[in-house]
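Read through the structure below, which is laid out as structure tokens, and then see the notes.
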Amino acid sequence: MAKHIIKRILGLIPILAIVSILIFLMMHMTGMDPAVALLGGAKTTPQTIANINAKYHFDEPLVTQYGYWLSNVLHGDLGISYRMSEEVSSLIAHKLPITIQLLVMSVVIGILLAVPIGIISALQKNTFVDHFFSLFSVVSMSTPVFLTGLLLMLLFSGKLGLLPSFGIGDGVRENFRYLLLPSLALGINMIAMNARTIRSSMINIMESNYIQTAIAKGISVKSIVFKHALKNALVPFITINGVQIAALLGGTSIIESTFSVGGIGNLVFTAVLAGDFQVIQGATLVIIALILCINLVVDILCTVVDKRIQLG
């Protein structure tokens with residue numbers, strides 16, 4: 001397996017190279033003048049703009065500009081934020097742990113609640129309980145995550161006064177209280193998809209011949225579910241979770257902006273509004289690299305759960 005993992009890791013290199021090119025080109029397709037963005041829209045002379053273009057190589061061909069940017073990236077230099085006059089790598093290093101904690105809490109909520117819901121729905125197929133959970137899944141998947149967040153904010157913060165609704169704490173333990181509501185907002189959508197995936201997989205597996213044979217032999221339902229059926233249902237469950245985590249990571253700006261959480265998603269959102277090229281390029285590259293790593297981990301987990309699957 002180690003050989004296949006190394007092969008997959010090496011395969012990420014050309015993908016990241018292509019992604020970096022696309023990110024760089026997209027930034028220059030917006031039509032914004034990076035020199036003007038660097039000045040924050042302040043009035044200045046043409047000579048000052050010319051000096052900035054020469055200093056940052058904005059007046060050179062795109063290929064040359066990309067070469068300078070890529071060289072800096074490979075040396076760990078993602079540039080300087082135009083808006084905050086700070087190193088982009090430092091901003092990302094400060095914001096990324098918050099987003100990762102938010103994602104981890106969301107995934108834990110989504111998995112811990114979805115697995116029992118999916119199993120119960122499968123075992124109680126076509127009953128009131130199954131219909132109730134199916135309705136919950138449809139409603140939660142159809143509700144925009146920011147609306148779910150606002151409703152949770154009104155209930156747990158405004159009405160009950162149990163949890164803070166805005167901002168972030170100091171440290172991981174304090175962050176837990178502040179991130180619980182946004183994590184729950186993200187996790188509810190994951191619960192719906194995960195529960196439906198587990199339910200569908202469990203129903204198919206429970207109706208298979210070897211499970212029916214085990215039932216006929218008098219093996220307890222608990223043993224069948226947790227020792228046989230659930231293990232075989234984990235592969236599509238893990239795959240779906242990988243896709244959802246990647247989607248959440250790419251879309252955290254919405255929920256982070258709703259709850260004023262200073263994560264990397266909110267960093268990208270404010271950078272887009274300010275036209276901060278360097279932050280957008282650097283943060284987007286880091287986010288995509290994390291998504292690729294998540295996909296790699298998902299592939300590895302699938303091979304661990306089901307030995308029949310081979311890494312490509």
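Quick one: E60 ticks every box in (1) in contact (Cβ under 8 Å) with a residue 12 or more places away in the chain; (2) not in a helix (DSSP H, G or I) bar one, so which box is it?
All conditions pass for E60, except number (1).
Tell me whether the range 249-264 contains one or more residues that are over 22 Å from C293 (Cα atoms), open to solvent by 40 Å² or more (accessible area, probe 1.4 Å) and not polar (S, T, N, Q).
Yes, the range 249-264 contains at least one residue that is over 22 Å from C293 (Cα atoms), open to solvent by 40 Å² or more (accessible area, probe 1.4 Å) and not polar (S, T, N, Q).
If I filter the range 159-166 for residues that are assigned to a helix (DSSP H, G or I) and under 21 Å from the mean Cα position of the chain (by Cα), do I get at least one hit?
No, because not a single residue in the range 159-166 is assigned to a helix (DSSP H, G or I) and under 21 Å from the mean Cα position of the chain (by Cα).
With the checklist (1) open to solvent by less than 40 Å² (accessible area, probe 1.4 Å); (2) over 13 Å from G187 (Cβ atoms) in hand, flag the one item N126 doesn't pass.
Checking N126 against (1) open to solvent by less than 40 Å² (accessible area, probe 1.4 Å); (2) over 13 Å from G187 (Cβ atoms), the one that fails is (1).
Would you point out which residue out of A114, A54 is assigned to a helix (DSSP H, G or I), among the small types (G, A, S) and either surrounded by 14 or more Cβ atoms within 10 Å (Cβ to Cβ) or under 26 Å from the mean Cα position of the chain (by Cα) (or both)?
A114
I need the helices (runs of 4 or more DSSP H) fully contained in the range 195-286, keeping only those with at least 2 residues that are under 18 Å from G118 (Cα atoms).
Filter on the range 195-286 gives 221-224, 230-250.
Scan the range 228-250 and report the pairs whose first residue is more than 17 Å from L285 (Cα to Cα) and whose second residue is of a type in the set (F, W, Y) and in a helix (DSSP H, G or I), with Cβ atoms within less than 8 Å and a gap of 6+ or a chain change.
Close Cβ pairs (under 8 Å, with a partner that is of a type in the set (F, W, Y) and in a helix (DSSP H, G or I)) amount to H228/Y210.
For the list (1) of a type in the set (A, V, I, L, M, F, W, C); (2) farther than 18 Å from V108 by Cα; (3) open to solvent by 20 Å² or more (accessible area, probe 1.4 Å); (4) modelled with pLDDT of 80 or more, I need the number of the one condition that M193 fails.
The number of the failed condition is (2).
Have a look at G187, G149, G158 and point out the one that is out of contact with any Asp or Glu (no Cβ under 8 Å at 6 or more places or on another chain), closer than 15 Å to V115 by Cβ and either at pLDDT 80 or above or open to solvent by 80 Å² or more (accessible area, probe 1.4 Å) (or both).
Sole residue among the options that is out of contact with any Asp or Glu (no Cβ under 8 Å at 6 or more places or on another chain), closer than 15 Å to V115 by Cβ and either at pLDDT 80 or above or open to solvent by 80 Å² or more (accessible area, probe 1.4 Å) (or both): G187.
The values are calculated or read from the model by the stated rules, or taken from the named source; none is laboratory data. The shown structure was predicted, so the numbers you read here are calculated from the model rather than taken from an experiment. Positions of Cβ are backbone-derived with ideal geometry, glycine not excepted, and every protein chain shown enters the neighbour counts. Remember, those area values only see protein heavy atoms, side chains included, never the ligands or the DNA or RNA. Shrake-Rupley method; radii C 1.70, N 1.55, O 1.52, S 1.80 Å.
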